[in-house]
1. Label points 7 Å out from Cα along the Cβ direction at TRP145 and ALA76: separation in nm?
2. Would you please calculate the Kirkwood hydrodynamic radius of the stretch 218-285 over all C-alpha pairs and express it in Å, rounded to one decimal?
3. Rounded, prolate or oblate, given the Cα gyration tensor of the stretch 210-255, with a/c below 1.5 counting as rounded?
4. Taking other Cβ within 10 Å of each residue's Cβ, how do THR416, THR159 sort, fewest first?
5. Could you pull the Rg and Dmax for the stretch 231-328, using just the Cα atoms, both in Å?
6. Which whole-number percentage describes the relative contact order of the stretch 209-359, with Cα contacts under 8 Å and a sequence gap of 6 or more?
7. Under the rule of at least 5 residues apart or a separate chain, name every residue whose amide H is placed under 5 Å from the amide H of ALA87.
8. So how much slack lies between ALA47 and THR416, counting 0.36 nm per residue of separation and subtracting their Cα-Cα distance, in nm?
Amino acid sequence: MTYLWLALAFIAAAVVAGVIFARQGVRSGEARSGEARSGEAGKHWKAVGLAFAALAVLTAVFDSVMIGMELFHYDASHILGLKIGLAPIEDFAYPLAGVVALPGLWMWLTRKRNGSSSSSSSPRDESNLKGLVPQALLASRPVSWINTAYPFAAAMLLTTREIDWVLIVGTFYFLIPYNLAMYGINDVFDYESDLKNPRKGGIEGALLHPHLHRPMLWLAAITNIPFLLVLAFAGGPAAWISLAVSAFAVVAYSVVGLRFKERPVLDSLTSSTHFVSPAVVGLALAGADVTPGLLILLAAFFLWGMAAHAFGAVQDIEPDRQAGIGSIATVIGARRTVRLAVGLWLVAGLAMLATPWPGPLAAIIAVPYIVNCAPYWNVTDTTAARTNVAWRRFIWLNYGSGFLVTLIFILQWSLTS
């Protein structure tokens, strides 16, 4: 079978899934005029086109770089021979499938919120998505899945230089189940405060209806514990300890009785652990040698995570205070928290200069985060909510940073091959 037929099958499956999800996302109570539907359709396809154009450029760049470095190759007898750069035309089926299927999936996940009538008077009604599965997926923050799966996969792959079942299982775990637990548990225990938070109910967090709170906790346990046991079985004491710390941080951040998210400074430390621990688990499972350069890299990553949490907490100062939730931002104030975040990102960037080549190239990655945060240097507690604009940019900055980090990893791979 040629790659072309595989690509066409993949696209066909994505089209069918996208149509089904989109149809499920449109309810009888969401009827709109033909003109309105036509306008929405035009915007939809324009967005799909722009998304595909961006992904196609990234695909062409990444594939050309990796093929040029001979990290992999295609059998000429299985491809058409048409290329963009060094990337076979078949490679572009995957971003195309993504932009076709994912919008429909998002319509399905958010159908009740987006389609609720204007007469609805309760935030609970507007965000009461029907069914546990769509709410759980929305709660897991799909846009942020890569932020935990990538560190694990990169750490393990760069150490072992091979793809095995542990890498596959671990990457899947830190991609979906881990995020389901981390964010789902948080959304359950933060429900009352989230009701007062206007940015909840979409890309920045779900509003889980109370009747789904207990099922959500059970789902988090059922989907996480088996993976943790399998990964622990695959590793030694170092892996056991890192997995235990990672799981404890996920639970301790939100559950009543611990609630590290309400303990200033400890909240940022714990949040950063959520993103650094997958990399540590990957290194432990791979049996990586602990070197000064590796410790500096992990420290820089940890400082980056603390900065991200602290800056993200600024926008929630008002709803957090109304709910009686203490955070690093509610305690030291918006202005000091923003300045702390800038300082942490700066130190993280400088720390990368002390890592072995090509690590110092990653120092530049701190710049866009500082530029994004710095305009709020003098923000006040009363204007803290305005930082949400920068926070939304931060979410997408992570993808650009991931692109640069991947190029550095590829360079590292080629230098040590």
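1. My value for the distance between the label points is 3.7 nm.
2. 12.5
3. Cα axes put the stretch 210-255 in the oblate bin.
4. THR416, THR159
5. Rg, Dmax (Cα atoms, Å): 15.3, 47.
6. Answer for the stretch 209-359 is 23 percent.
7. SER64
8. Between ALA47 and THR416, full extension yields an extra 128.8 nm.
No value in this document is a laboratory result; all are computed from the given coordinates. Source: prediction; values computed, not measured. Heads up, the Cβs are rebuilt from the backbone with ideal geometry, glycines too, and the neighbour counts pull from every protein chain shown.
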